[in-house]
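The numbers here are math on the coordinates, done by the rules we state, and not lab data. Small disclaimer: the values here were computed from a predicted structure and weren't measured. All Cβ positions, glycine included, derive from the backbone under ideal geometry; neighbour counts span all protein chains shown.
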Amino acid sequence: MIAKKFIYILIFSLGASNFLSCSKTSYKKASPIVEDNCVSISNIMVVKNMDSIWELRNEEEEHLFYFPNFEEADKTKIVLEHYQTKFICKCGEGYYTNSIGEENTNALIMQYQLSTDSSGIGNKEINSYNNSSEDCLPFNPEKLVARRSLDGNWYLIEKPGHSMFGFGKNEEECVKALSVIKKYGFNQSCFVGRANPSFSYLKRYREDIDTLIIF
C-alpha cells in the first residue's frame, strides 16, 4: 500500500513538473529562428484626417497609426526616419491607439522595427538611454522569460518580476516576441507618449561604437 502511494505521488509530481515546465520559455531556450510579421514603409507623413484625428500614413495615403495629438505623431515620424526604418513589425494583435486617438492601456502587442538592411534599429547608435530626445529603458535580454501567469495570461517578463509586454491567452505570440528579441539583439524598450504610449519600439544598445545623434 505504501509502495503504491509512493508511486502515485511520484507520478503526480512528475506530471506537475511537466505542466509547470510548459508554462514558460526562457531566453536561453528561445529559438532565434522566427518569421517576422511586418509591413514595408516609405515616405511617411503626418496628417489630420476628416475626423480631426492625427495619423501616420505610408506612401499612397496608406494608414499606419493613429495618435492622440500632433506631437506624438510627429515624434514617431522623426524616430522612424532617424533610424532609416524600412519595416514596422509586431507580435500579437491590436494597436496602442484606436481609430479615434484614444490610447489602449491593454494593447496585447510588442512592436519592433527593422532598418533598410533588415537588422534591428539601433545597431549604429550608442545607448539611447542617455539620449534626452528619446524615452528608452534598458533591459537584460538574458533575464527574459515568456511565462503564463496565475491569471492564465501570457507575459514577457524580465526576472525577477518586471512585466514588459502582455499577450492575453496567446502563448505563441508571447514566445515569438522572446525569439524576436533574441534574433535582433534588442536590449532597450522605447516609447512615444507615456504613461500610456501611442507608439513603442525596440532598440539595440552597442557599447563598441559612439555615434549618438540627438534629434
For the Phe70, Asn153 Cβ pair and Förster radius 41 Å, calculated FRET efficiency rounded to 0.05 is 0.75
A chain fully extended from Glu62 to Leu137 at 0.36 nm per residue, minus the present Cα-Cα distance, gains in nm 23.9 nm
Everything considered on the Cα gyration tensor (a ≥ b ≥ c; rounded for a/c under 1.5, else prolate if a/b is larger than b/c, else oblate), the stretch 24-203 must be described as prolate
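Work out the FRET efficiency for Ile100 and Ser26 from their Cβ-Cβ distance, taking R0 = 45 Å, and round it to the nearest 0.05.
Details: r = 40 Å, r/R0 = 0.88.
Approximately 0.70, to the nearest 0.05.
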Output ordering of 111-122, 135-146 (per-residue mean of other Cβ within 10 Å, highest first) is 111-122, 135-146
Ordering 71-78, 27-34, 154-161 by per-residue average of other C-beta atoms within 10 angstrom, highest first, gives 71-78, 154-161, 27-34
Looking only at lysines whose Cα falls under 22 Å of Lys48's and that sit 8 or more positions away or on another chain, we get Lys75, Lys77
